[in-house]
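The block underneath contains the structure these notes are about, expressed in structure tokens.
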Ligand code: ADP
Ligand code: MG
């Protein structure tokens, strides 16, 4: 068989009758009504109207530019059509004497009433009108609606659809679960959406709340819920090593877990103690843990990760901690060194920026089992790394990994070689709707309490033109013996430019505050240089720290309770929330100043306002979701694979619960139907749902 190049439709993924059937219209045009030209002249102002007539004149004019003018008339009146771009074939079609049906808005032109670039259809005087609304499909450039419509119509007649769209959900189950009985069967619903009758409720079709849409959405969610529940059941059948708490006899050295507890400079908060007992229980199971530890910035998730690692190491297993950025990973590395090295634990560090030789050494340590604790970026899951005996994988800020990376992580730590326990950590709360859909196979623990002594942060929003005032306020602040951060604008397009801006601010502030020591930290500094600046800041040898976003995570200086963020309008919700979490850790009242430059987009304005009004991570995450959509929150933006095509989590949240109940019942009462339903909806996309 020779391979022919894919057609334009195939390139859009429309390569089977089923794919075409599920390619649903984004809107409709009403071509079911025809008006006389006289009526059109009156009714067609400001909205599209359809009329038809015979061509009585057709001429190409060259002034003021080349254009085709066609005049049509019927028994009532005449109308001029104007085409500024046209093909010779069009000109030929609309020759004098031919009949055309046109659709467009009527406006007052230079030579009287006219339609500019109407949609034109060649007809005979008695051509019938369509009886259904005309669908308008999402299409990539260069594909005409006519081609898609034809292909869809043909697909809908395909015999195979009876099978792939036919009803097989038990009527009894549907009757008991669906809220009303006006949701049509799937195949009917799909046909309806492609060809709604002339009198259909177009509003509800557009808003996707029509019963036909509901049925489609319900089925899609049902498939998703089933696959999540199944993943859950499959996980429970896998084996993972059980890590019970080890009680040491009095005359033996304490366990690593006990050693860590003793070395900690603080007591766990109530919330930390609770989540640790939840996680401890998971670790003692013989199937892999799949838990998300959620807690606001500064709530103390790291120590929980360390305790879990200690438990695994007590059983002779390796533990790995992975973070999405080098800086975050490095913070963990430093912290773990501080806690675990005194206990004699061997730690390996692995990141993309290591030299080849260092990397090889680290890999040898990991492979040979010398390294008990392994910390790094997603370099950890690359093929070359193989663990001697991995028992626990901690993934920090997992939503900041890309979808593909998360999939890699899943495949790697979930592979046959080592089903290990997994702990995800995130400071971004997952809104309920998301937790119920994408994360349904995840157990969730929440640290809902900050360590004692944290102060609320008061946030101010200030125009950049008041920079001088801000700097003099800063001076007063430092005069009191307190420290502060100055965060430089994020410039995503250019790291060089970002660095330049930081250097400029550093120089300006050094000049403006001669009695204080100003430090600068940015992403280009080497690890040890960065560490030196941070140490000096921590020791109050530096009073003002000018920084790029490298301080987003992991910095902890209680005496620094003021943060100025330049060009705050360029940061996202989560970034500011994280940054702001650096202050409010000491006894002083904390302040965060969000400086912005005009002009401010509407979204940025709303964002800054929300951030000023609340520091509640949950509220901020919900806002974030409604603004950006779940894809971006989940890190799915790049993949382009919308996981739910027809469901909008905000609009259709109530459907999720319905689908959950239905999924439960289908799995328990009609196990034989489950595969069919999944295949219908997910096909090859099942993999993505697991990420
Ligand atoms: P996050 O949840 O944002 O990762 P961290 O784990 O970095 O937070 O903790 C923030 C700071 O709070 C760290 O300096 C940590 O040592 C400290 N901390 C954690 N738990 C407690 C506690 N129970 N009491 C006091 N300080 C704590
Ligand atoms: Mg953290």
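Kindly provide the set of residues from the stretch 20-34 that are outside any loop (DSSP other than H, G, I, E, B) and at pLDDT 90 or above, ordered by number. Residues satisfying the conditions are 20, 21, 27, 28. None of 523, 527, 519 is surrounded by fewer than 22 Cβ atoms within 10 Å (Cβ to Cβ) and free of Cβ contacts under 8 Å to residues at least 60 places away in the same chain except 519. Residues being within 28 Å of the chain's Cα centre (by Cα) and in a loop (DSSP other than H, G, I, E, B) are entirely absent from the stretch 35-46. Could you look through the stretch 54-73, keep only residues that are within 18 Å of residue 119 (Cα to Cα) and touching a helix residue (DSSP H, G or I) at 6+ places or on another chain (Cβ under 8 Å), and pick out the one that is surrounded by the most Cβ atoms within 10 Å (Cβ to Cβ)? It comes out as 72. Considering the stretch 318-329, the residues that are closer than 23 Å to residue 386 by Cα and surrounded by fewer than 23 Cβ atoms within 10 Å (Cβ to Cβ) include one that is nearest to ligand 2 (Cβ to nearest atom), namely 328.
The single condition among (1) more than 13 Å from ligand 1 (Cβ to nearest atom); (2) more than 17 Å from residue 246 (Cα to Cα); (3) surrounded by fewer than 21 Cβ atoms within 10 Å (Cβ to Cβ) that residue 348 does not satisfy is (3).
Tallying residues that are within 12 Å of ligand 1 (Cβ to nearest atom) and within 21 Å of residue 369 (Cα to Cα) within the stretch 324-333 yields 1.
If only one of 475, 575, 500 is out of contact with any strand residue (DSSP E or B) (no Cβ under 6 Å at 6 or more places or on another chain) and within 16 Å of ligand 2 (Cβ to nearest atom), which one is it? Unique residue meeting the criteria: 575. Within the stretch 270-313, the set of residues being more than 16 Å from ligand 1 (Cβ to nearest atom), crowded, with 20+ Cβ neighbours inside 10 Å and modelled with pLDDT of 95 or more comprises 282, 283, 311, 312, 313.
Is it true that residue 106 is over 30 Å from residue 21 (Cβ atoms) and either touching a helix residue (DSSP H, G or I) at 6+ places or on another chain (Cβ under 8 Å) or touching a residue at least 12 places away in the same chain (Cβ under 8 Å) (or both)? Answer is yes for this residue.
Cβ separations smaller than 8 Å between residues 6+ apart or across chains give the following pairs from the stretch 479-498 residues that are assigned to a helix (DSSP H, G or I) to residues that are buried (at least 17 other Cβ atoms within 10 Å of the Cβ) and modelled with pLDDT under 80: 497/491; 498/490; 498/491. Taken together, the criteria place residue 27 among residues that are touching a strand residue (DSSP E or B) at 6+ places or on another chain (Cβ under 8 Å) and closer than 30 Å to residue 679 by Cα. Within the bounds of the stretch 342-354, is there any residue that is within 16 Å of ligand 2 (Cβ to nearest atom) and without any contact (Cβ under 8 Å) to a residue 40 or more places away in the chain? Checking the stretch 342-354: not a single residue is within 16 Å of ligand 2 (Cβ to nearest atom) and without any contact (Cβ under 8 Å) to a residue 40 or more places away in the chain. Does residue 267 qualify as being assigned by TED's automatic domain parsing to the domain that holds residue 318, at pLDDT 90 or above and more than 30 Å from residue 656 (Cβ to Cβ)? Yes.
Being surrounded by fewer than 17 Cβ atoms within 10 Å (Cβ to Cβ), away from ligand 1 (no atom under 16 Å from the Cβ) and modelled with pLDDT of 70 or more is a description that applies to residue 388. For the criterion of being free of Cβ contacts under 8 Å to residues at least 24 places away in the same chain, on the phi < 0 side of the Ramachandran plot and buried (at least 17 other Cβ atoms within 10 Å of the Cβ), residue 51 fails.
Restricting the search to helices (runs of 4 or more DSSP H) fully inside the stretch 84-181 and requiring at least 3 residues that are under 34 Å from the mean Cα position of the chain (by Cα) gives 145-156, 160-165, 171-177.
Quick grid of which residues meet (1) within 16 Å of ligand 1 (Cβ to nearest atom); (2) surrounded by fewer than 17 Cβ atoms within 10 Å (Cβ to Cβ):
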residue	(1), (2)
480	no, yes
490	no, no
500	no, yes
532	no, yes
539	yes, yes
564	no, no
572	no, yes
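Quick grid of which residues meet (1) modelled with pLDDT under 90; (2) part of a loop (DSSP other than H, G, I, E, B); (3) outside the structural domain of residue 313 (by TED's automatic domain parsing):
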position	(1), (2), (3)
352	yes, yes, no
362	no, no, no
367	no, no, no
383	yes, yes, no
393	no, no, no
399	yes, no, no
405	yes, no, no
418	yes, yes, no
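Out of the residues in the stretch 516-537 meeting the condition of being in a helix (DSSP H, G or I) and touching a strand residue (DSSP E or B) at 6+ places or on another chain (Cβ under 9 Å), tell me which one is modelled with the lowest pLDDT. My answer is 530. So, in the stretch 645-691, of the ones that are under 22 Å from residue 409 (Cβ atoms) and assigned to a loop (DSSP other than H, G, I, E, B), which residue ends up modelled with the lowest pLDDT? The residue in question is 691.
Screening the candidates 271, 320 for the property of being in contact with a strand residue (DSSP E or B) (Cβ under 7 Å, 6 or more places away or on another chain) and not in a helix (DSSP H, G or I) yields one hit, 320.
Would you point out the residue of the stretch 330-345, among those that are surrounded by fewer than 17 Cβ atoms within 10 Å (Cβ to Cβ) and out of contact with any strand residue (DSSP E or B) (no Cβ under 9 Å at 6 or more places or on another chain), that is farthest from residue 259 (Cα to Cα)? Here the answer is 334.
The set of residues from the stretch 264-287 being more than 16 Å from ligand 2 (Cβ to nearest atom) and touching a helix residue (DSSP H, G or I) at 6+ places or on another chain (Cβ under 6 Å) comprises 283, 287.
The values are calculated or read from the model by the stated rules, or taken from the named source; none is laboratory data. Being a predicted model, the structure only gives us computed values, none of them experimental. When we count neighbours, we look across all protein chains shown, and the Cβ atoms used for this are built from the backbone with ideal geometry, even at glycine.
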